[in-house]
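What follows is one structure encoded as structure tokens, with my remarks underneath.
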Amino acid sequence: MEGKVINIGILVSGRGSNMEAIIRKVEEGYIKNAKVVVVISSRRDAPALEKARAHGIETLFIDPKDFWKEPDPEKRERLRVEYDKNIIAELEKRNVNLVLLAGYMLKLSPYFIRKYKGRIMNIHPSLLPAFPGLNAQKQALDYGVKYTGCTVHFVDEEVDHGPIILQAVVPVHDDDTVETLSERILKKEHEIYPEAVRLYVEGKLEVLGRKVKIKS
Ligand code: GRF
């Protein structure tokens, strides 16, 4: 049965390898009834933009004008919401139903998160709730864990916190550096992020409070 097509918008700030893994799975038909309609970057020079264009996907750079440098917290939040409204306007023009954060380095405003509640996913390079925030791989190495991994989760108003969709475990080796560990985790990221998107598009994810049930 042909379902409705889900329009995907991907927000990026950097390399875009997760973005590309998802685009490939859509192209290959592994993720059916979905289209990546736009890739939006918070950085003009993000390599992700070129990668997306190479797949024929429309790209936009929306300039955040360093709003996070605003010292007054209230004004900073106002600027964040203004910025997010610019993004939302572009998403709405293209009828985006699912927003994917893929190495997107800005914190979304509560305004954005409420507007797309249950329709924003993120990938994080640790087994949440361990090591949220920046440099998760270094945090894992410094802590001395034997296993770490990656997590795809729905986004809520706390950083790296929303209901967990999928996780993958990766061993930490004694001689790992941040680079070798990150590379091992990234391979798993490229598997579980497209998988989570497929499950969403196929209507197989049911969110019950903090828990995400995967329907068969
Ligand atoms: C990934 O490690 C992801 O887990 C984190 O940022 C990195 C983005 O890499 N959120 P890429 O831009 O997808 O290559």
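The values are calculated or read from the model by the stated rules, or taken from the named source; none is laboratory data. Bear in mind that the values here come from a model prediction, so they are computed numbers and not experimental data. Heads up, the Cβs are rebuilt from the backbone with ideal geometry, glycines too, and the neighbour counts pull from every protein chain shown. The area values use the complete protein model at the heavy-atom level, side chains included, leaving out ligands, DNA and RNA. Shrake-Rupley method; radii C 1.70, N 1.55, O 1.52, S 1.80 Å.
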Positions within segment 91-112 being among the hydrophobic types (A, V, I, L, M, F, W, C), within 15 Å of the ligand (Cβ to nearest atom) and either part of a strand (DSSP E or B) or over 13 Å from Ile10 (Cβ atoms) (or both), in sequence order: Val99, Leu100, Leu101, Met105, Leu106, Leu108
Selection from segment 113-130 of residues that are over 14 Å from the mean Cα position of the chain (by Cα) and outside any loop (DSSP other than H, G, I, E, B): Arg114, Lys115
Failed item, numbered, when Ile192 is tested on (1) touching a helix residue (DSSP H, G or I) at 6+ places or on another chain (Cβ under 6 Å); (2) open to solvent by less than 40 Å² (accessible area, probe 1.4 Å); (3) of a type in the set (Val, Ile, Thr): (1)
Those residues of segment 131-153 which are away from the ligand (no atom under 12 Å from the Cβ) and in a strand (DSSP E or B), in sequence order: Tyr147
Selection within segment 29-85 - touching a residue at least 24 places away in the same chain (Cβ under 8 Å), within 14 Å of the ligand (Cβ to nearest atom) and in a loop (DSSP other than H, G, I, E, B): Ser42, Arg43, Ala46
Pairs, first part of a strand (DSSP E or B) in segment 156-176, second open to solvent by 50 Å² or more (accessible area, probe 1.4 Å), C-beta under 6 Å, six or more apart: Ala168/Lys188; Val169/Tyr147; Val170/Arg184; Val170/Lys188; Pro171/Tyr147
Qualifying positions in segment 58-81 - open to solvent by 90 Å² or more (accessible area, probe 1.4 Å) and closer than 23 Å to Gly14 by Cβ: Lys65, Trp68, Lys69
